[in-house]
1. What Kirkwood Rh does the range 47-103 have if only Cα atoms enter the pairwise 1/r average? Answer in Å.
2. Filter the trypsin sites (Lys or Arg not before Pro) in the range 10-49 down to the DSSP loop ones having no more than 16 other Cβ atoms within 10 Å, then list what survives.
3. Taking loop as defined by DSSP and a crowding limit of 15 other beta carbons within 10 Å, which trypsin sites (Lys or Arg not before Pro) in the range 91-153 fit?
4. Using the 10 angstrom Cβ neighbour count as an exposure proxy, how do THR269, THR56, THR104 rank, fewest first?
5. Fewest to most neighbouring Cβ within 10 Å: what's the order for MET83, MET201, MET355, MET1?
6. When the Cα centres of the range 207-284 and the range 297-368 are compared, how far apart do they sit, in Å?
7. Do me a favour and compute the ellipsoid semi-axes for the range 314-368 from its Cα gyration tensor, root of five times each eigenvalue, largest one first, whole Å.
8. Within the chain, how many lysine pairs that are 8 or more places apart, or on different chains, have C-alpha atoms less than 25 Å apart?
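Read the figures in this text as sums done on the coordinates, not as results from a lab. Computed from a prediction, not measured in an experiment: that's the story for all the values here. When we count neighbours, we look across all protein chains shown, and the Cβ atoms used for this are built from the backbone with ideal geometry, even at glycine.
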Amino acid sequence: MNFRRDPLKYIDTRAIEGGEAFWLPDRQLCIRDAGLGRAVFRNQDRLYLGASDFFTGRSGVLAPRKIQIRIGAEARALLEARMEAVDIEHAVDSLDAKTFWPKTGNRLLLEVMFPVLAAETRSRLFKRLLADIVETRICNRKTGLTVLRRMVLRGRFYNAVSRERQRDMASDRAPGAAPPTDILGVITRSTDDRATDEQVMEIFLAFLFAIVGSVGFTLGWSVYLTARYGAAGVSSHDIISEALRLYPIAWFIARRPARAHEIADHPVTKDDTVVVCPYAIHRNPSHWEKPDSFLPERWAGNSDRSAWLPFGAGPYGCIGVAATFGIVGRALDALRATRVMRIETAGKKTEHGPMLSPGPFYLRLSLR
Ligand code: HEM
């Protein structure tokens, strides 16, 4: 059994031994108890260096935390304000009878969210590079680019972001400046001159991967599970909750201890990693009945989400929960109202990089 080759199988096998936490290779303590996971996220006793991955890139953490919070709040407000104008129903209606997933879900998300990611006024180069990054880093990430071409694309995108940022900073300082209308504008306005171009680009990419990657994969899983197992009479909201329970896209959320302490009788040191593992928590039989089955009806009238952690929790919890349910819910509603979904061919069930995405499958859509 090899953790790197098949981490989910490894975790499934180790979880049979029971317990609230167990060690993975490389001194990573994997938490499979929801209460413990929440405590790590809450970080009340400051046992962990306070940072989620979202604002941490190659160039370090964007500081202070106040700026991170402002970016999150403004991005959420922008999404809320723009959601009605997002025509996901039309995009779903235009799907071909046979489509290849999960990339169809990612491309749908890019199409409908494009104006939120890059306003009309952005340069053509910025928009084109943005689409190239989605194709190579999300849609075709297995076959995508050589390391060298990836670096070249990143360098060109960096230059394009720098230019857009210069323009934003100049217009933000003009009297009566209008509020930002896209995610890059939110980041440039909130950071002003307290971030490097590299940091601005990395945060923009984190948003891009969340919106097109994570939300697109959530649509992919929801479509796959509905087509495979059926979900008649169940709300799309409950299908999404169950899809994210069985296949939490962020399945491995790491924290670095600030000092030595004990978790569930396991001593951890500053050199170890503590991993809150929503995948293991969501399949823990002490939290869930029939944890491995797709049972969206379990959510009907059930408001207990104490062991459901696909979006993290506590001070660093995700700001995109409502947007995810909103957009994926509308896409699923539109699909289920007009089409019968059938899976034609499917390969491996899961792909596990930093995101847990469905393996490739063809979907056949026929009119009801
Ligand atoms: C299915 C979709 C999504 C999943 C599974 C997801 C998952 C997560 C998780 C697990 C965290 C916490 C990370 C940690 O504690 O280390 C997080 C944080 C965050 N997410 Fe999401 N996310 C999703 C969609 C989105 C969307 C659509 C946006 C915004 C457009 C977004 C923006 C953020 C931000 C800004 C944070 C950092 C919050 C903070 O540190 O204050 N996410 N997300």
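1. That comes to 15.0 Å for the range 47-103.
2. ARG27, ARG46
3. Of the trypsin sites (Lys or Arg not before Pro), the ones in loops of the range 91-153 whose Cβ has at most 15 other Cβ atoms within 10 Å are LYS142.
4. The fewest-first ordering by Cβ neighbours comes to THR269, THR56, THR104.
5. With the sparsest Cβ surroundings first, the list reads MET1, MET83, MET355, MET201.
6. What the calculation gives is 12 Å, centre to centre.
7. Each semi-axis is the square root of five times an eigenvalue, giving 27, 20, 5 Å.
8. So the count of such lysine pairs works out to 17.
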